[in-house]
1. If you take the residues of region 68-90 that are open to solvent by less than 60 Å² (accessible area, probe 1.4 Å) and among the aliphatic types (A, V, I, L, M), which of them is nearest to PHE104 (Cα to Cα)?
2. Hey, does region 87-97 have a residue that's within 30 Å of VAL246 (Cβ to Cβ), under 26 Å from the mean Cα position of the chain (by Cα) and at pLDDT 90 or above?
3. Let me spell it out: the conditions are (1) modelled with pLDDT under 90; (2) not in a loop (DSSP other than H, G, I, E, B), and ARG19 meets all of them except one. Which number is the exception?
4. GLY127 - would you say it is assigned to a strand (DSSP E or B) and either on the phi > 0 side of the Ramachandran plot or modelled with pLDDT of 90 or more (or both)?
5. What strands (runs of 3 or more DSSP E), lying completely within region 28-99, carry at least 1 residues that are of a type outside the set (Val, Ile, Thr) and free of Cβ contacts under 8 Å to residues at least 40 places away in the same chain?
6. All but one of (1) open to solvent by 30 Å² or more (accessible area, probe 1.4 Å); (2) at pLDDT 90 or above; (3) closer than 23 Å to VAL29 by Cβ hold for VAL59, so report the exception by its number.
7. When ASN108 is evaluated against the numbered criteria (1) in contact with a strand residue (DSSP E or B) (Cβ under 9 Å, 6 or more places away or on another chain); (2) on the phi < 0 side of the Ramachandran plot; (3) not in a loop (DSSP other than H, G, I, E, B), which criterion, by number, is the only one it fails?
8. Collect the residues in region 185-242 that are open to solvent by 70 Å² or more (accessible area, probe 1.4 Å), modelled with pLDDT of 80 or more and not in a helix (DSSP H, G or I), keeping them in residue-number order.
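The values are calculated or read from the model by the stated rules, or taken from the named source; none is laboratory data. Quick caveat, the model's predicted, so the values are computed rather than measured. All Cβ positions, even for glycine, are placed from backbone atoms using ideal geometry, and neighbour counts span all protein chains on display. Protein only, heavy atoms only, side chains kept; ligands, DNA and RNA dropped before computing areas. Shrake-Rupley method; radii C 1.70, N 1.55, O 1.52, S 1.80 Å.
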Amino acid sequence: MSSEMDKQTLTNVQEKEIRPLSGVMMLVVVIAGFLVSVAGVAFGVYLAEEKDMTAAGVVLMVSGVILFVVCCILCGGFHVVNPNEALVMTCFGQYYGTIKKEGFYFTNPFAAAFNPAASAGSISLDGKNSVKRNMKVSTKVMTLNNDKQKVNDVLGNPVVIGAVVIWRVQDPTKAVFNVENYKTYLSIQCDTIIRNTARMYPYDNMEENSDSDEMTLRGSSQAIADNMKVELQKRVESAGLEIREVRITHLAYSDEIAAAMLQRQQAVAIIAARQKIVEGAVSMVKMAIDQLGEEEVVVLDEERKAAMVSNLLVVLCGNKDAQPIVNSGSIY
């Protein structure tokens, strides 16, 4: 029951777009505050030392220090949002709001940007790894180039397949609150979809049947990629991601069976070619016998027709050119 309640609370996070104050206006106010605080402290020191007005000087100095501290705190409220970026903010553990429009803004200085996936490693000059964090969520269209992976098709043949996914963050709030790292989440879901989809179809239709409507990985790659897109979109809907397109970029038999499958394809092609040759040869033999009988060029009995058919089929279906033999005697 508690897990269901936690899940319900997680999925009920609704995006709230906030309209913060202009950063330029508040920047002027903060700079003026710094100047006033410095002037107050200086004037308080002047009153305390030169005019013997110690109480008034102390009040001005304390006020100046307090104003300076307040201005320092207010500096934490400035944020710059670039085009095609969003800033998801929390305040004391509660969802504060999302800034989706580009510009220079001032928000609650105690509200902090929240993005668990915003980390990118970089190498400093001393060779040590340093972490540079960009807390903004990019809403640009991005590409996920899925690594090639070996799977078994529906016939059990090992196949190497790879795909590329065109995607973007549609709901930044869901992307940072519903999953820990939406990029890793998308990559894992993409691997799962590719494996599950490849197991449902054969690599190719081994039976040469032109009337077959069976979908194959090689012959129906676009339709299968569209099915991948639909399934992947369902998986990442809760993470606020939008799948624009899925394409199969690599498809081949695995190395251990590639040679055997090539021989099988060659055998299928040879059989199909032989079938066409035999069909044509039979048609030509039938046409020759019919014309000889109709024009009464020569009258053949059944035994001689069988011999003629045998000789013509050998000549027409053979792999090599036939060597002619001239018969100077009677065929009887």
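1. Ranking the qualifying residues of region 68-90, first place goes to VAL81.
2. So far as region 87-97 goes, yes, one or more of its residues are within 30 Å of VAL246 (Cβ to Cβ), under 26 Å from the mean Cα position of the chain (by Cα) and at pLDDT 90 or above.
3. Here ARG19 clears every test but (2).
4. For GLY127, the condition - assigned to a strand (DSSP E or B) and either on the phi > 0 side of the Ramachandran plot or modelled with pLDDT of 90 or more (or both) - is not met.
5. Hits in region 28-99: 85-91, 94-99.
6. Here VAL59 clears every test but (2).
7. So ASN108 meets the others, but not (3).
8. ARG199, MET200
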